[in-house]
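The values are calculated or read from the model by the stated rules, or taken from the named source; none is laboratory data. The structure displayed is predicted, hence computed values, not measured ones. Cβ: placed from backbone, ideal geometry, glycine included. Neighbour counts: every protein chain shown.
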Amino acid sequence: MQKSEEERSVEIAPAIKLTNISKNFGPVQANKNISLSVKVGTIHGIVGENGAGKSTLMSILYGFYKADSGEIFVGGNKTIIPDSQAAISAGIGMVFQHFKLVENFSVLENVILGAEDGPLLKQSLAKARVQLTNLSKEYELDVDPDAIIENMSVGLQQRVEILKALYREANILILDEPTGVLTPSEANHLFRILKGLRDQGKTIILITHKLREIMDATDTVSVMRSGEMTATLKTAKTSPEELAELMVGRKVLLNISKKESKIGDIALEVKNLRVTDEKGVLRVKGITFDVKEGEILGIAGVAGNGQSELLEALGGFRKSQGSVSVYGHSLNLENPSGQEIRDLSIAHVPEDRQRLGLIMEFSAWENIGFGYQHEQEYSSPWGLMNNKKMRQDADDKMGRFDVRPTDSKLKARNFSGGNQQKLVLAREIERNPDILLIGQPTRGVDIGAIEFIHNEIIKLRDEGKAIVLVSVELDEILSLTDRVSVMFDGNLIGNKITAETNAMELGLLMGGEIS
Amino acid sequence: MTKLPAWIDILLIPFINLIIALFLSALVVLYIGENPLDALSIMIKGAIGSSYGWGYTLYYATNFIFTGLAVSVAFHARMFNIGGEGQAMLGGLGVALVCLMVPWPHWIVALPVAVIGGALFGAAWAAIPAYLQAKRGSHIVITTIMFNFMASALLVYLLVNVLKVPGSMAPETARFAEGARLPTGHDMLGWVGIKFSKSPPVNISFFVALASCFAIWFLIWRTKLGYEIRAFGHSESAAKYAGISPVKIIMIAVLISGALSGLMGINSVMGESERLVLDSVQGAGFIGIAVALMGRSHPFGVFLAAILFGILYQGGAELAMWTKIPRELIVVIQALVILLTGALDNMIRMPIERLYFKMVRAGA
C-alpha cells in the first residue's frame with residue numbers, strides 16, 4: 001500500500017521541494033539542513049515558535065535570502081531564486097504579514113504595480129480589469145477593482161494581496177501569519193477562499209503560530225523547532241497537543257485552570273477617557289470602565305481599534321482627557337508621567353516590549369531596575385547607582401521567572417522574544433503592584449512560556465490585585481479574564497462576564513456588530 | 001556568542017580604520033612626490049621622539065580630551081553637539097575673565113575658579129541650543145552650528161571693542177598676571193627632578209583632563225543620571241515609558257557637554273597663551289567629533305584617540321616644516337578617520353565580525 005502511494009507522488013512532482021537548506025546569520029543557525037516536500041493542490045501548514053526559522057525558510061524560497069547550502073525544486077525542476085522577481089516567474093506568490101500595498105492607489109493600480117506591460121498604463125489597466133473580474137469570479141474573491149486601498153477593511157486588503165499574486169499567475173501561494181490582523185469571521189472567510197484555491201489546483205503554504213488554524217485549514221503540517229524541521233504530519237492524524245509538544249520539545253498544558261475570583265473594592269476607575277494620537281486623530285472616544293481588586297478585565301478587539309492608545313494613556317506614556325482615578329487618587333492626564341504611575345503601585349507591561357519595555361542595548365540586569373532607578377534599593381539619595389544590588393536582583397528574578405539564558409550580563413537584544421517578555425514581567429510583577437496593566441502578554445512568545453506567563457498573571461489576580469489585560473488573542477482573553485469588553489473604533493462595547501460569553505459572540509463584537 | 005569581544009570592538013577595529021586612513025593618506029603623499037615612509041617617520045619622531053615633541057603632543061591631546069568628552073557625553077543622550085568650537089571659545093572667555101578680574105595670589109587658587117568659569121561659560125553657550133532642542137524640537141546640529149558662528153563674532157567684538165589692551169594693535173587681552181599662570185610640563189617634571197623641554201605648552205590642565213575622563217566615566221556608568229542619559233540615548237520611547245523626562249535629560253546632557261568644551265579654555269587660554277586671543281580654539285571643537293567617534297564615546301577610548309590626534313597634529317606640524325607636504329594633510333587624515341569610523345564603520349566591522357564568528361565556529 002505504502003509503496004503505491006510513494007509511486008503516485010513520484011508521478012506528479014511536488015510543487016515545492018527543498019533539500020538540505022541551511023542558512024546562518026553570524027553565529028546563529030537559522031535553518032539547519034531543512035528538507036521539505038509540498039504536494040500540488042494541498043494546503044501545507046508550517047508551525048513553529050518565534051525564531052524557529054519559518055520566516056527565514058520562506059524568505060529563502062521567495063528570494064530575499066540566499067541559502068548557504070541546499071537546493072530548491074519547483075514543480076520538479078531545480079530552480080535558483082536569487083530575487084523575488086525570479087520567485088514570481090517560478091510561479092510563487094507571497095502574502096506578507098504586513099501588506100505591501102500603496103494606500104492611496106486603487107485595487108487595480110495596486111495589482112498591476114510592477115507588472116505593467118509598457119510605459120502607458122491604459123492597456124494594462126484594461127487587461128487587468130478583465131482578468132481581475134475573472135479571478136474574482138473563479139475564486140470568490142469579491143473585490144471592487146476601483147476601490148481605494150485606504151478605504152478598505154484589512155480583510156479586503158488581504159484579498160487584494162492574494163489577487164496580486166494570482167494576477168502574476170502564482171501557482172504556489174505563501175501566506176505569512178495571515179490572520180494576525182483579522183477578526184475571527186474574516187479569518188474564517190480567508191480559509192474558505194484558501195480551500196477554494198486549493199480545490200482549483202493551487203498549492204498553499206500557510207505559516208502560522210496558531211494551532212487552531214492549522215487544525216482547521218491545512219491538509220499537511222510541518223513543525224519547525226530551533227532551525228530544524230522536526231516533523232511533517234497529516235493534519236487529520238495529529239492533534240494540537242501533539243503539535244505543541246513537537247514545537248516546544250516537551251509536554252505543554254494548553255488550558256490553564258483558575259479558581260473563582262474574590263472581588264474586592266474598585267481599584268481603577270476610568271471615566272470618559274479620550275486619547276488623541278500624534279496625528280491628531282481621536283483614537284479612544286470617551287470610554288468608561290472600572291476594575292476591581294481580584295479581577296482581570298480583558299480588553300479584546302482587532303489590533304488598531306484604540307487599545308494600544310488606551311493602555312499607553314493609563315500607563316502614563318500618553319496624554320489624555322477625562323478622568324482616571326486609582327483608589328480615589330486622580331491621575332494627572334495632562335502631564336502624564338511613568339513615574340507617577342509607578343509611585344501609585346501601578347505596573348505597566350507595554351504591548352511593544354522592544355520599543356517601550358526594554359532598553360535593548362542594556363544588559364538584563366540594567367533592565368531589571370528600569371523605571372525603578374529612583375527606588376532607594378537601586379540608587380542613593382545622591383544619585384549613585386547600586387549596581388551590585390541590581391545585579392543580585394536580576395539574578396534572583398531571572399531565576400524565578402526562568403529567563404534563559406540566565407546570564408544577566410547579556411544585552412536584552414540577545415534574548416528571544418519570549419525571554420524578553422519574561423524579563424519585563426519579572427521586573428513588573430515581582431514588585432507586587434496593586435494594579436497591573438498588561439498588553440499582549442504573549443505576543444511572539446513561545447508556547448512553553450505562554451503557560452508560565454498566564455499562571456503568573458492568575459497568581460497576581462488571586463492575591464487580590466486588579467489587572468487590565470489587552471490582547472488580540474481571543475483564546476487568551478477567554479481563558480484568563482473574568483470580565484471582557486471589546487474595543488471597536490475607539491469605543492468599548494459589550495461588557496460581558498467571560499464565563500457567560502463565547503468566541504462567537506466576541507468575534508461579532510470585534511467586527512462592530514452589536515447584538 | 002553574538003557579541004565581539006571588547007578588544008576587537010574598541011582596539012582592533014579603530015586600529016584597522018587608522019591603518020586604512022594612513023594608507024590612503026600615503027597615496028596623497030606619493031602624489032605630492034614624497035616618500036610616505038619617510039613622512040611617517042618624520043611625523044612619529046616629531047611627535048613622540050623628544051620631550052619637545054611629547055610636550056606639544058600632550059598639549060594638543062589635552063584640548064582633544066576635553067572636546068572629545070564633550071561630544072561623547074552628548075552622544076550618550078543621542079545628541080549631536082557639534083558646537084564644541086563655539087562653546088570652547090566662550091569657555092576661553094570665561095577663563096580669561098576669571099584670570100583678569102581677580103589679582104590671584106597663586107595658580108592653585110586661580111585654577112579651580114577658572115575651571116568653574118570655563119565650564120559655566122561653555123555650558124551657558126550650549127544652553128540655548130539645548131533648550132530649543134528639548135522644548136521646541138529645533139535640531140541641535142543646526143542650532144549649535146549657528147552658535148559657533150555667533151561665538152566667533154561675539155569674540156571678535158569683545159576682543160576688538162571691550163577687552164583689548166588700550167593702545168595695542170593686537171585683538172587680545174592683556175597677559176595674565178603671574179598668579180594666574182599654570183605650571184608647564186617643564187615646571188612639573190622639574191619638581192621631581194626630571195628634565196623636560198621648556199618651550200612646549202603642555203601644562204597641568206592635562207591632569208584636569210585625565211580627571212575629567214574619570215569623572216565622566218563615573219557619571220555615565222555609576223550614577224543614576226548616567227543611567228537615565230544612556231537609557232534616553234538608546235530609546236527615547238522607552239525612557240518616556242519609564243518616566244524619564246526627555247527635557248531634563250537633553251538639557252543636562254548638553255549642558256555637561258558644553259561645560260566640558262568650555263573647560264578646554266584652561267589649557268589653551270590659561271595654560272598656553274596666558275591671554276585670550278582670537279583663534280584660541282583652532283578647530284579642536286571639531287576634532288572632538290572625530291575623537292569621540294574613534295573612542296566610541298568611552299572616556300578611555302576618548303583618551304587614546306585624543307593622544308593619537310595629538311600625535312597627528314604635532315607630527316603634521318613637523319611634516320610641514322621639513323617636507324613640502326602641507327600641514328593640511330593632517331586634516332585629510334582626520335577626515336578619513338571620521339569617514340571610516342563614522343560613516344563606513346560597518347565596512348570594516350562586518351567582515352571582521354564574520355571572520356571572527358567563523359573562527360569561533362571552527363574552534364567549537
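Of the helices (runs of 4 or more DSSP H) contained entirely in segment B:1-113, those carrying at least 2 residues that are surrounded by fewer than 24 Cβ atoms within 10 Å (Cβ to Cβ) and not hydrophobic (A, V, I, L, M, F, W, C) fall at B:13-32, B:36-48, B:51-76. Considering each residue of segment B:241-250 in turn, at least one proves to be more than 14 Å from chain A (Cβ to nearest Cβ), assigned to a helix (DSSP H, G or I) and in contact (Cβ under 8 Å) with a residue 40 or more places away in the chain.
Number of residues in segment B:103-142 that are over 19 Å from the mean Cα position of the chain (by Cα) and free of Cβ contacts under 8 Å to residues at least 40 places away in the same chain equals 10. State yes or no: is A:Gly464 modelled with pLDDT of 90 or more, at positive phi and not charged (D, E, K, R)? So A:Gly464 passes the test.
If the requirement is being at pLDDT below 85, farther than 28 Å from A:Val40 by Cα, not polar (S, T, N, Q) and not assigned by TED's automatic domain parsing to the domain that holds A:Gly512, which of these qualifies: A:Glu150, A:Glu116?
On the way: A:Glu150 fails: at pLDDT below 85.
Result of the check over A:Glu150, A:Glu116: A:Glu116.
Of all the residues in segment B:124-156, those that are among the β-branched types (Val, Ile, Thr) and at pLDDT below 95 number 0. Residues in segment A:327-343 that are within 14 Å of chain B (Cβ to nearest Cβ) and aliphatic (A, V, I, L, M): A:Leu331, A:Ile341. Evaluating B:Lys195 against the criteria (1) in contact (Cβ under 8 Å) with a residue 24 or more places away in the chain; (2) within 14 Å of chain A (Cβ to nearest Cβ) leaves one unmet condition, (2).
Per-residue answers, yes or no, for (1) acidic (Asp, Glu); (2) in contact with a strand residue (DSSP E or B) (Cβ under 8 Å, 6 or more places away or on another chain); (3) assigned by TED's automatic domain parsing to the domain that holds A:Ile46:
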residue	(1), (2), (3)
A:Glu177	yes, yes, yes
A:Ala187	no, no, yes
A:Phe191	no, no, yes
A:Leu194	no, yes, yes
A:Arg198	no, yes, yes
A:Thr203	no, yes, yes
A:Ile207	no, yes, yes
A:Asp219	yes, yes, yes
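Filtering segment A:367-376 to residues that are more than 7 Å from every other protein chain (Cβ to nearest Cβ) and surrounded by 23 or more Cβ atoms within 10 Å (Cβ to Cβ) leaves A:Asn367, A:Ile368, A:Gly369. Has segment A:125-147 got any residue that is buried (at least 16 other Cβ atoms within 10 Å of the Cβ) and β-branched (Val, Ile, Thr)? Checked segment A:125-147: at least one residue is buried (at least 16 other Cβ atoms within 10 Å of the Cβ) and β-branched (Val, Ile, Thr). When B:Gly310, B:Gly316, B:Gly283 are checked against the criterion of being on the phi > 0 side of the Ramachandran plot and not charged (D, E, K, R), a single residue qualifies: B:Gly283.
If you go through segment A:169-202 and keep only what is crowded, with 21+ Cβ neighbours inside 10 Å and closer than 19 Å to A:Met224 by Cβ, you end up with A:Ile172, A:Ile174, A:Leu175, A:Pro178, A:Thr179.
Scanning segment A:344-360 for residues that are surrounded by 23 or more Cβ atoms within 10 Å (Cβ to Cβ) and at the interface with chain B (Cβ under 9 Å from one of its Cβ atoms) yields A:His348, A:Pro350, A:Leu356, A:Gly357, A:Leu358, A:Ile359. Scanning segment A:296-321 for residues that are farther than 17 Å from A:Leu268 by Cα, in a loop (DSSP other than H, G, I, E, B) and more than 14 Å from chain B (Cβ to nearest Cβ) yields a count of 6. The number of residues in segment A:115-149 that are over 31 Å from the mean Cα position of the chain (by Cα) and of a type in the set (Ser, Thr, Tyr) comes to 2. The sole residue among B:Ile330, B:Ile338 that is assigned to a helix (DSSP H, G or I), free of Cβ contacts under 8 Å to residues at least 40 places away in the same chain and not polar (S, T, N, Q) is B:Ile330.
Only one of these is buried (at least 19 other Cβ atoms within 10 Å of the Cβ) and more than 30 Å from A:Ser345 (Cβ to Cβ): B:Gly233, B:Gly265, B:Gly243. Name it. Break it down into steps so the answer makes sense when it comes.
On the way: B:Gly233 fails: more than 30 Å from A:Ser345 (Cβ to Cβ); B:Gly243 fails: more than 30 Å from A:Ser345 (Cβ to Cβ).
Just one listed residue meets the conditions, B:Gly265.
For B:Ala238, the test of being more than 14 Å from chain A (Cβ to nearest Cβ), part of a helix (DSSP H, G or I) and not charged (D, E, K, R) is failed. Report yes if A:Pro336 is assigned to a loop (DSSP other than H, G, I, E, B), over 27 Å from the mean Cα position of the chain (by Cα) and in contact (Cβ under 8 Å) with a residue 12 or more places away in the chain, otherwise no. Criteria met by A:Pro336. Is there a residue being in the same structural domain as A:Gly196 (by TED's automatic domain parsing), polar (S, T, N, Q) and farther than 18 Å from A:Ser226 by Cα anywhere in segment A:42-63? Within segment A:42-63, one or more residues are in the same structural domain as A:Gly196 (by TED's automatic domain parsing), polar (S, T, N, Q) and farther than 18 Å from A:Ser226 by Cα. Of the helices (runs of 4 or more DSSP H) lying entirely inside segment A:179-295, those containing at least 3 residues that are within 26 Å of A:Asn455 (Cβ to Cβ) and in contact (Cβ under 8 Å) with a residue 12 or more places away in the chain span A:211-217, A:240-248. Summed over segment A:339-359, residues that are in a helix (DSSP H, G or I) and of a type in the set (Gly, Ala, Ser) total 1. Of the listed requirements (1) of a type in the set (Val, Ile, Thr); (2) within 12 Å of chain B (Cβ to nearest Cβ); (3) in a strand (DSSP E or B), A:Val324 misses just one: (2).
Quick grid of which residues meet (1) within 24 Å of B:Phe286 (Cα to Cα); (2) within 14 Å of chain A (Cβ to nearest Cβ); (3) crowded, with 20+ Cβ neighbours inside 10 Å; (4) not basic (Lys, Arg):
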| residue | (1), (2), (3), (4) |
| --- | --- |
| B:Gly315 | yes, no, yes, yes |
| B:Lys324 | no, no, no, no |
| B:Val331 | yes, no, no, yes |
| B:Ala335 | yes, no, no, yes |
| B:Thr341 | yes, no, yes, yes |
| B:Met347 | yes, no, no, yes |
| B:Met350 | no, yes, no, yes |
| B:Arg354 | no, yes, no, no |
| B:Val360 | no, yes, no, yes |
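Within segment A:377-401, being within 26 Å of A:Glu312 (Cα to Cα) and within 12 Å of chain B (Cβ to nearest Cβ) holds for one residue alone: A:Tyr378. The set of residues in segment A:390-418 being of a type in the set (S, T, N, Q), closer than 19 Å to A:Gly26 by Cβ and touching a residue at least 24 places away in the same chain (Cβ under 8 Å) consists of A:Ser416 alone.
Quick grid of which residues meet (1) touching a strand residue (DSSP E or B) at 6+ places or on another chain (Cβ under 9 Å); (2) within 19 Å of A:Thr442 (Cα to Cα); (3) of a type in the set (Asp, Glu):
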position	(1), (2), (3)
A:Ser320	yes, no, no
A:Asn332	no, no, no
A:Asn335	no, no, no
A:Gln339	no, no, no
A:Asp343	no, no, yes
A:Leu356	yes, yes, no
A:Ser363	yes, no, no
A:Ser380	no, no, no
A:Ser416	no, yes, no
